[in-house]
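A.B. asks: Input: one structure, supplied below.
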Amino acid sequence: AGKDFVAQTQAEVDAMGRIADSRAKIDEDQRQLNIDRAKADAEISELRSKAEDAETYSAAERLEFAKEAAVKKEEIINREKDLIAQKLKNQLAENALGKSTKADLEAANALQVELIEKETELNDFKKSNFARQKALSAEAKAAAKKEAGEASDEDKAAFTKLQEDLSKLELAQL
């Protein structure tokens, strides 16, 4: 029985050591993510400004700026999600060792909520970004058609009506 107690205690100490190491790594990753997020936010802001600048950039260029901003934003959100998931994993492992307090259980719950909220943020971003990119893509296609001299269906219909009216006028003059 004494050997079992010692073995169990040693296993718990080892697990707590792994959790502590993991938390230290998470803290280091969090500090780096804070810096990376700040830099990415600045880049994203600049890219979004360019994506909105119809005076300076073509629709195709603006679409590329929007896509680049989206990639950066999704990358940061995914890194945030991963970090939250790691924190949750550690908290659950620590709680599983026993002697969990109400505060420990609430911490795990708060991390679960934070992870769900981050997933929602990512989904909402993807949805709004898709709509924005779709609009820019349509604008780019319209600009390309205009440059190529292709007319829209409305333009073609109006042109056909003008030709018919002109033909009627010519017949009436005869």
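The values are calculated or read from the model by the stated rules, or taken from the named source; none is laboratory data. Given the structure is predicted, the values throughout are model-derived calculations rather than measurements. Note that we place each Cβ from the backbone using ideal geometry, even for glycine, and neighbour counts take in every protein chain shown. These accessible areas exclude ligands, DNA and RNA; they are computed on the full protein's heavy atoms, side chains included. Shrake-Rupley method; radii C 1.70, N 1.55, O 1.52, S 1.80 Å.
A.B. asks: Could you tell me how many of the residues in the stretch 52-97 are basic (Lys, Arg), open to solvent by less than 50 Å² (accessible area, probe 1.4 Å) and modelled with pLDDT of 95 or more?
C.D. replies: Adding up the residues that qualify gives 1.
A.B. asks: Now for a different question. Please specify each residue of the stretch 41-58 satisfying the condition of being in a helix (DSSP H, G or I), without any contact (Cβ under 8 Å) to a residue 60 or more places away in the chain and in contact with a Phe, Trp or Tyr (Cβ under 8 Å, 6 or more places away or on another chain).
C.D. replies: Selection gives Leu47, Arg48, Lys50.
A.B. asks: What residue, among those in the stretch 98-124 that are hydrophobic (A, V, I, L, M, F, W, C) and under 16 Å from Asp82 (Cβ atoms), is most open to solvent (accessible area, probe 1.4 Å)?
C.D. replies: Taking the candidates together, the pick is Ile116.
A.B. asks: Which is within 30 Å of Arg132 (Cα to Cα), surrounded by fewer than 17 Cβ atoms within 10 Å (Cβ to Cβ), polar (S, T, N, Q) and under 17 Å from the mean Cα position of the chain (by Cα), of Ser49, Ser45?
C.D. replies: Ser45
A.B. asks: Give the number of residues within the stretch 1-40 that are in contact (Cβ under 8 Å) with a residue 40 or more places away in the chain and either touching an Asp or Glu at 6+ places or on another chain (Cβ under 8 Å) or outside any helix (DSSP H, G or I) (or both).
C.D. replies: Final tally of qualifying residues: 4.
A.B. asks: In this structure, does Ser22 turn out to be of a type outside the set (A, V, I, L, M, F, W, C) and open to solvent by 50 Å² or more (accessible area, probe 1.4 Å)?
C.D. replies: It is false that Ser22 is of a type outside the set (A, V, I, L, M, F, W, C) and open to solvent by 50 Å² or more (accessible area, probe 1.4 Å).
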